[in-house]
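**Q** Structure provided below as structure tokens; questions to follow.
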Amino acid sequence: MASSSGNSSSTVQLQNSGSEGEPRQLRMDQRKRKRMESNRESARRSRMRKQKHLDDLTSQVTRLAKENNQILTGITVATQHLVNVESENSVLQAQVTELSHRLDSLNEILNSIYQSSGVADADQGLDLGSPYDGFFMSPMNLGCVSHPITAASDVFECR
């Protein structure tokens with residue numbers, strides 16, 4: 001019996017330690033469950049932060065693509081405007097050159113008329129306040145002009 005009493009005392013000890021271990025095990029299980037739940041919640045918050053960051057980046061990509069298209073459209077419009085202005089500038093420069101040549105021709109004609117009529121010295125140029133102002137207005141005095149005055153027909157055309 002001693003052996004049975006020895007067995008019974010060890011069984012009692014196991015039961016005692018088991019009864020004391022159960023609350024301890026429960027506490028450990030509760031802590032483990034809390035930790036697991038806390039980890040799940042932390043992982044959920046992390047996924048939500050990642051999703052928000054991804055959504056923000058997607059929104060930023062969309063906004064920047066739209067802004068980029070607006071800038072490209074502005075560049076295209078400005079480039080076309082530049083081409084138009086350069087073209088108009090070329091036309092105006094050609095007109096200035098043509099008008100400058102015409103003015104030079106008219107000045108040569110006037111100097112020739114002044115020299116042939118003896119009205120004024122060619123070196124003095126035109127004197128707008130001279131008594132001969134009416135000289136060129138008379139059709140009779142224009143007969144001495146031997147150079148026809150012509151203008152190019154395309155001087156004022158826009159291309």
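The values are calculated or read from the model by the stated rules, or taken from the named source; none is laboratory data. Remember, it's a predicted structure, so these values are computed and weren't measured experimentally. With ideal geometry, Cβ positions are generated from the backbone for all residues, glycine too; neighbour counts draw on all protein chains shown. For accessibility, only protein heavy atoms count, side chains too; no ligands or nucleic acids. Shrake-Rupley method; radii C 1.70, N 1.55, O 1.52, S 1.80 Å.
**Q** State all residues of the range 102-122 that are without any contact (Cβ under 8 Å) to a residue 24 or more places away in the chain and either open to solvent by 90 Å² or more (accessible area, probe 1.4 Å) or under 14 Å from the mean Cα position of the chain (by Cα) (or both); if no residue qualifies, say none.
**A** Scanning the range 102-122 gives 103, 115.
**Q** Can residue 99 be described as in a helix (DSSP H, G or I) and open to solvent by 80 Å² or more (accessible area, probe 1.4 Å)?
**A** Taking the combined requirement at face value, the residue does not satisfy it.
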